Amino acid sequence: MVLAGLEEDSRFPYVVEAAGHAVGVLTLQAGAARLAGWPDEDSAWLLRGFLIDRRHQGQGLGPLAATSAVGAAAKLTARRGTREAGVVLSVNETNPAGLSAYRTAGFVDKGQYLGGSSGPQRSMYRSFTG
């Protein structure tokens with residue numbers, strides 16, 4: 001996912017760092033919001049490939065990184081002069097830790113998404129202002 005992010009202009013990979021160590025990764029992608037069940041491609045960034053190393057899970061890093069990703073997306077929108085107003089993602093319905101982490105980070109459940117290959121997902125969104 002990170003290597004693909006380095007090759008495509010629409011993807012922006014980030015390393016999640018804690019205490020000077022890489023503990024995770026995530027990618028923000030422009031023009032791909034429908035991959036998370038969003039109604040259009042351009043009004044939201046897609047947060048994808050978000051992983052926290054298993055050894056560092058349960059320490060609150062997921063919500064912090066997700067919140068930081070929203071801030072980074074807002075800065076990218078301003079720098080690029082595009083019209084995204086927030087960040088969307090999809091998370092598997094059988095992932096209670098992920099659902100909780102995104103809710104803690106201010107993401108709102110926007111309903112079920114069945115378009116992917118990973119089983120039923122919840123589409124979640126957080127605006128830059130909320």
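The values are calculated or read from the model by the stated rules, or taken from the named source; none is laboratory data. Remember, predicted model here, so these are calculated numbers, not experimental data. Ideal geometry is used to build each Cβ from the backbone, glycine not excepted, and the neighbour counts take in all protein chains shown.
Only residues that are assigned to a helix (DSSP H, G or I) and farther than 22 Å from ARG34 by Cβ were counted across region 94-130, and they come to 6.
Restricting attention to region 76-101, the residues being in contact (Cβ under 8 Å) with a residue 40 or more places away in the chain and closer than 13 Å to MET124 by Cα number 5. Taking the condition of a type outside the set (Val, Ile, Thr), in a strand (DSSP E or B) and surrounded by fewer than 21 Cβ atoms within 10 Å (Cβ to Cβ), does ALA78 pass? In short, no.
Among residues of region 103-130 that are closer than 16 Å to GLU84 by Cβ and touching a residue at least 24 places away in the same chain (Cβ under 8 Å), those with a beta-carbon under 6 Å from a residue that is acidic (Asp, Glu) and surrounded by fewer than 17 Cβ atoms within 10 Å (Cβ to Cβ) at least six positions away or on a different chain give the pairs MET124/ASP109. Taking region 91-124 as the range and being polar (S, T, N, Q) and either on the phi > 0 side of the Ramachandran plot or at pLDDT below 95 (or both) as the test, the residues that pass are ASN92, THR94, ASN95, SER100, GLN112, SER117, SER118, GLN121. Among GLU84, GLU7, which is of a type in the set (Asp, Glu) and either modelled with pLDDT of 95 or more or in contact with a Phe, Trp or Tyr (Cβ under 6 Å, 6 or more places away or on another chain) (or both)? Answer to the check: GLU84. Within region 82-111, the set of residues being surrounded by fewer than 20 Cβ atoms within 10 Å (Cβ to Cβ), of a type outside the set (A, V, I, L, M, F, W, C) and under 18 Å from ASP40 (Cβ atoms) comprises THR82, ARG83, LYS110, GLY111.
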